[in-house]
Amino acid sequence: MTGRPVSFRVEWPTLTLLLGCYTVWFLALYWFSALWLPLGMVITIITIALHSSLTHELIHGHPFRSAWLNAALGFPSLGLFVPYLRFQDLHLAHHHDSNLTDPYDDPESNYLDPETWARLPGLAQCLLRANNTLLGRILLGPVLGQLAFMKADWTAIRTSNRPVAIAWALHVPAIAVVLCLVVVSPMPLWAYLACAYAGFGIIKIRTFLEHRAHDRASGRTVVVEGGGLLSFLFLNNNLHVVHHMHPQVAWYDLPALWRGKKEHYLRRNEGYYYGSYSEIFRSHLLRAKDPVPHPLRPQSDWPAE
């Protein structure tokens, strides 16, 4: 009996970069840290940030069509904080563009319901206002985001949410492998924890203004054109509206799509555009990009387009 051959696609740029990331991470722990700890830490921070971006690619079906094979590639949790399966579920839910920025329906939203905001104590409001500046998002964002994330997941586990419980159970060996390698390396554990936090902080630069409150879903997603080193670390996800319109396109194909149809994408997102991350630093390092309470939340029925 004959059948159709099974297609086994491999995206070599993504696979090569992922293997390179693991290799450089290992060298940072065992070689660069032995030479000079600050150098080892800087390289570790970079690889942790890059690994987070690569995890995003794995979730979107790269480099293999097989979800379980991609998950296996991302199993070592270099960044420690977020279980792979939770990132997968929450991020794919985030891709329902009609819900973008909604405090309840978008799991990656940084906005709060105005009524929830009004009930917060003054200290919490102060911290969240600081978190809405770029400097605050880098320094405070990792811990504030992690606390909110873990609180929500703990509530889900207590109410017998099996997928959430399984995701965290599988995360234990994922971080155990990483921490065992760290403990026997020249890098102290405290230094690695600091690197994980800093790597998370770098990713917060990307997510800081990826989405804005806008009455049309198509106008909520940004383009940051000139990313430089950050564009590489974010795997071109700075071209965020292009990614949202073509979520299955690999990172290395996004720039060509952008260059070929710039006007189309800028019409689509109603001109939500920055020329570079340096522009964002100048504009928002110490100045909030928008309020914490969602300014459009009272409108219960947003037009999707």
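Annotations
- Just checking the listed ones, 234, 81, 200: in the Gaussian network model of the chain with Cα springs under 10 Å, the one fluctuating most is 81.
- Region 121-264, relative contact order in percent, only Cα pairs under 8 angstrom and at least six apart counted: 17
- Label zone (residue 30, point 7 Å along Cα-to-C-beta; backbone nitrogen cut-off 13 Å) within region 171-209: 181-187.
- Whole-Å distance, taken between Cα centres, linking region 31-83 and region 121-140: 27
- Basic side chains Lys and Arg get +1 at the Cβ, acidic Asp and Glu get -1 at the Cβ, and with that the dipole of the chain about its Cα centre reaches some 300 debye.
- Ignoring lysines fewer than eight residues from residue 151 along the same chain, the ones with Cα atoms less than 20 angstrom from its Cα are 204.
- DSSP H segments from the chain that extend 24 Å or more along their own axis, Cα-based, with Kyte-Doolittle mean of 1.0 or above: 37-59, 162-183, 189-207
- GNM top mover of 241, 184, 164 - the chain, alpha-carbon springs below 10 Å: 184
- Rolling a 1.4 Å probe across all protein chains gives residue 229 an accessible area of roughly 120 Å².
- Taking each residue as 0.36 nm, the span from residue 262 to residue 177 lengthens on full extension beyond its C-alpha to C-alpha distance by 26.2 nm.
- Fraction of accessible area attributable to carbon and sulfur, the chain (%, probe 1.4 Å): 66
- Lys/Arg +1, Asp/Glu -1 at C-beta; the chain dipole; positive extreme among 240, 14, 164: 14
- Relative contact order %, the chain, counting alpha carbon pairs below 8 Å whose residues are six or more apart: 24
- Solvent accessible area, Å² - residue 46, 1.4 Å probe, full protein context: 70
- Sequence-distant residues sharing a close amide H with residue 273 (under 5 Å, placed H): 223
- Three-way shape label, the chain, alpha-carbon gyration tensor, a/c 1.5: rounded
- Taking all protein chains together and rolling a 1.4 Å probe, residue 105 ends up with roughly 90 Å² accessible.
- For region 1-133, averaging the sequence separation of C-alpha pairs within contact (under 8 Å, six or more residues apart) and dividing by the residue count gives a relative contact order of 15 percent.
The values are calculated or read from the model by the stated rules, or taken from the named source; none is laboratory data. This structure is a prediction, so every number in the text was calculated from the model and none was measured. Cβ coordinates were reconstructed from backbone atoms using ideal geometry, including for glycine residues, and neighbour counts include every protein chain displayed. To get the accessible areas, we keep the full protein, side chains included, count just its heavy atoms, and leave off ligands, DNA and RNA. Shrake-Rupley method; radii C 1.70, N 1.55, O 1.52, S 1.80 Å.
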